[in-house]
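Just so it is clear, none of the values below were taken in a lab; they were calculated from the coordinates. Every value quoted in this text rests on a predicted model; they were computed, and no experiment measured them. Cβ sites come from the backbone with ideal geometry, for glycine too, and all protein chains shown count toward neighbours.
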Amino acid sequence: MLILAIETSCDETAICLAEFSDSGAKIRENLISSQIKIHAKFGGVVPSLASREHVKNIFPLLKIAMKNSDYKEINTIAITNGPGLMPALLIGTNVAKTLSWLWNKPLVPINHLEGHIYSTFLEPQENDANNYKFRKLKFPILNLIVSGGHTQLTLMESQNKFQNLGITLDDAAGEAFDKAAKILRLGYPGGPLIATASNQLKANNKKLKLKELVIKLPRPMINSKNLNFSFSGLKTATLYLVQKLLKNHKLKDIIPAVANEFQNAIIETLVKKTIEAAKKYQPKTIALSGGVAANKKLREALEKEAKKNKIIFIKPETKLCGDNALMIGAAAYFRTKNKKNLAPWNKLIVNPNLNF
Ligand code: KG4
Ligand code: ZN
């Protein structure tokens, strides 16, 4: 089944043309035009600029995606219809709708979070970047989705069937990484910058004897009786900690220790809640996805705990953690196969707050 998938929910314009079957995906084109440089100046995504850039980039990308293919070969068009930024979602959905109408192809609306979940099904093949096999996974799968806009635990009972177990009550984990990086004046996006700064801790501490200082941040809601998260207090605690440390230290000297403690606070909270959920819901598999899933220490920490509890652990390859259209195509393949969500183009609804 040849699927043209389009993703414009945030700051990446992404188009993927791939042939899907039960065994996996063979990519013809998988394109991402990132707007990071444009939003970096503002320390976060500016919705109106995101939509302007999607308008600019989407047709040139489509032209490249289709350069060696005929539209008649396409079986289905897949489109992210939420959650995300409304001005950004509207660009991709309108292009997908237009193509579906003009080319007379079925349109499959895909929940962006479902896309992230399906990124964990895609197993890369050695020496062939355009070839992925679908992992044969055991259900139920407990998903920890951690991105710039979302942090949630979602149980996947079978293909395309989901139940939310817990969500963040305020900031998402990725958003918290971005805000902490802003406090430390590291730049945007914050996640990879905090991770890199945290890796410099050992060398830096030796030089500065910072370990004599109490650098401790809270683990928000770690002992709450539910599976929800909250990261906005952690951001405020980071701000106060930095202000206190700056009285006696230069910013560059405290960055590694604060970054490391901040990263540990997030990882410990995410891992503890995921394992709690696993004990309650007894999944066969734990799957980590979303932009923050690129974090090496989080990947290692969750894998270790999953193994301790004798649960299979899976994660997407790093390049599929961030937003991409291949994961949207993969989710659409299973929806089409199971005959779910095959809306005619004129019934497509865009919902910035879409959830399961
Ligand atoms: O899934 P994604 O690409 O976009 C959304 O759907 O939000 O996630 C982007 C988020 C950003 O907040 C970014 O800082 C975070 O993922 N991120 C990371 C890492 N790489 C990206 N967070 C922690 N560690 C990383 N290595
Ligand atoms: Zn995302």
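So what's the stretch 19-58 giving for Rg/Rh, alpha carbon basis, Kirkwood Rh from the mean inverse pair distance? Please report the intermediate quantities before stating the final value.
Numbers: Rg = 15.1 Å, Rh = 12.4 Å.
Radius of gyration over Kirkwood radius for the stretch 19-58 works out to 1.22.
What length, rounded to one decimal in nm, is gained on full extension from LEU137 through to SER232, with 0.36 nm per residue of separation minus their alpha-carbon distance? Numbers along the way, then the final one.
On the way: separation 95, 0.36 × 95 = 34.20 nm, distance 3.44 nm.
So the extension gain works out to 30.8 nm.
Report, by chain and number, residues whose modeled amide H sits under 5 Å from the one on LEU165, excluding near sequence neighbours (fewer than 5 apart, same chain).
LEU153, THR154, LEU155
So, with +1 on the Cβ of K and R and -1 on the Cβ of D and E, and no other charges, what is the size of the charge dipole of the stretch 1-158 about its Cα centre, to the nearest 20 debye?
300
Among all the lysines, which ones have a C-alpha under 20 Å from LYS304's C-alpha, if same-chain residues fewer than 8 places away are not counted?
Correct list for LYS304: LYS138, LYS272, LYS273, LYS279, LYS280, LYS284, LYS296, LYS315.
Can you tell me the Rg and the Dmax, both Å, for the Cα atoms in the stretch 1-70?
13.9, 43
Enumerate the amide H contacts of GLU29 below 5 Å, restricted to partners 5 or more residues apart or on another chain; note that Pro and chain-start residues carry no placed amide H.
LEU17
What angle, in degrees between 0 and 90 and rounded to the nearest 10, separates the Cα long axis of helix 190-199 from the longest principal axis of the Cα atoms of the chain?
For 190-199 against the chain, the angle is about 40 degrees.
Which angle from 0 to 90°, rounded to the nearest 10, does the C-alpha axis of helix 296-308 make with the longest principal axis of the chain?
It is inclined by approximately 90 degrees.
What order, most packed first, do the peptides 293-301, 105-113, 218-226, 77-85 have when packing is the mean number of other Cβ atoms within 10 Å of each residue?
Values: 293-301: 19.1, 105-113: 24.2, 218-226: 14.0, 77-85: 26.0.
Highest to lowest by the protection proxy: 77-85, 105-113, 293-301, 218-226.
Once a ≥ b ≥ c are taken as the square roots of the eigenvalues of the Cα gyration tensor of the stretch 123-204, is the result rounded (a/c under 1.5), prolate (a/b larger than b/c) or oblate (a/b not larger than b/c)? Don't skip to the answer; put the middle values down first.
Numbers: a/c = 2.85, a/b = 1.43, b/c = 1.99.
Since a/c reaches 1.5 but b/c is at least a/b, the shape of the stretch 123-204 is classed as oblate.
State whether the stretch 25-178 is rounded, prolate or oblate according to the following rule on the C-alpha gyration tensor (a ≥ b ≥ c being the square roots of its eigenvalues): a/c under 1.5 gives rounded; otherwise a/b larger than b/c gives prolate, and the remaining case gives oblate. Before the final figure, lay out each step's value.
On the way: a/c = 1.60, a/b = 1.10, b/c = 1.45.
Oblate shape, in that a/c is at least 1.5 and b/c is the bigger or equal ratio.
Place +1 on the Cβ of every Lys and Arg and -1 on the Cβ of every Asp and Glu in the stretch 1-93, take the dipole about the Cα centre, and give the residue among LEU85, PRO60, GLY24 whose Cα lies farthest towards its positive end.
Highest projection toward the positive end goes to PRO60.
With everything on Cα atoms, drop me the angle between helix 326-337 and the longest principal axis of the chain, reported from 0 to 90° to the nearest 10.
Approximately 50 degrees, to the nearest ten.
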